[in-house]
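Computed from the coordinates by the stated procedures, all read-outs in this text should not be read as laboratory data. Predicted model, so just to flag it, every value in this text is computed and none were measured. Counting neighbours? That spans all protein chains shown, and the Cβs are built from the backbone with ideal geometry, glycine included.
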Amino acid sequence: MKKIGPALMVLAAALSLTIPACRKSPDKKTEKEGTVKSQRQLERDISEFTKRISQNPNDASAYNHRGGTYYQLHRYEGAISDYTKAIELDPSQAELYINRGRAYIKAQTYDRALLDFTTAIQINPEDADAYNYMGDVYFLNSLWNEAINAYTKAIELDPTYLAAFNNRGFAYKNIGELDQALSDYTKALELDPTLAMTYNNRGNIHFSKGEYEKAITDYKKALEINPELVQAYSGLGFVHERLGMLQEAIEDFNNFIKHAGESYPEYAVQARQKTKELEARLKQ
């Protein structure tokens, strides 16, 4: 993926696609579906689906659900195998191709993923999910214009597609279409105002446009929602530096170091160097 902005702000690129490709926010989805299953529960589910398959080897649904369980366990080869069997048994279901395509993405087999999403669209041209995941394949390969086209189609089919707005905004940022990116992030926040990363990413756009007060507002809102979001501390640091508020910038980068030390050690090193530079400038 391409880097954006100052060195520490490339973390925004590293943590893109954090919004699951679904129409709802991850938190709201969890509230509706209950807590995430434990690994032990998932293993039990696999046993149950395996039992169903042994009783009826032509049960495409059982293969599909067992594939989904493998997917949740990050066992993507198993998921691909089961989805493939389900497709052999019922090749008319677009959902099965989408599921296998998602597993191919996780396995970084992007050409196969793209083929599956294309097939899903041929089966059902109105499937917004297929276009959105196709956008993800292009996104992960830094093919920004192709990603924008796919996300746009998903949004046309479903104007409330949160993930498509988020990721299209990031793609627009990478081709320099800052106003379009700003519009997409704003729309995503209208759909779900609890997305800390989206506030951070919109703050990056305001920073790039020289709208520093708006950038500060967005970074602070991101940290209000998620005080552990290290990217927002980095963003604040660069804004405060640009405004000549060196003491505030030092505090921001120290907060970045505090929260990023173990998770992003290489960026913590850069932040320490940046802090020393700012301290020297402050003394001068």
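In table form, for the structure just shown:
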| read-out | value |
| --- | --- |
| Given K173/K214; K173/K258; K209/K283; K220/K258; K209/K258, the pairs whose alpha carbons are separated by over 26 Å | K173/K258; K209/K283; K209/K258 |
| Between helix 39-55 and the chain: long-axis angle, C-alpha atoms, 0 to 90°, nearest 10 | 20 |
| Estimated [θ] at 222 nm from DSSP helical runs (n ≥ 4, -39500 (n - 2.57)) normalised by residues in the chain, nearest 500 | -23500 deg cm²/dmol |
| On Cα atoms only, tilt of 246-260 relative to the major axis of the chain in degrees | 30 |
| Order of H259, H240, H74 under a 10 Å beta carbon neighbour criterion, fewest first | H74, H259, H240 |
| Pairwise label distance in nanometres, S61 with R40, each label 7 Å out on the Cα-Cβ vector | 2.9 |
| Overall Cα dimensions of the chain - principal axes, largest extent first, Å | 78, 39, 32 |
| The chain - percent relative contact order, Cα under 8 Å, separation 6 or more | 13 |
| Highest-fluctuation residue, M245, M134, M197 considered, GNM on the chain with Cα pairs under 10 Å | M245 |
| Highest-fluctuation residue, L223, L243, L114 considered, GNM on the chain with Cα pairs under 10 Å | L243 |
| Cα gyration tensor shape for the range 93-169, rounded if a/c is under 1.5, else prolate or oblate | oblate |
| Per-pair calculated FRET efficiency, R0 = 45 Å: N254 and E77 via Cβ, rounded to 0.05 | 0.55 |
| Top of I87, I155, I175 by mean-square fluctuation, Gaussian network on the chain, Cα under 10 Å | I175 |
| Segment E279-Y110, extension gain: residue separation times 0.36 nm, minus the distance between their alpha carbons | 56.3 nm |
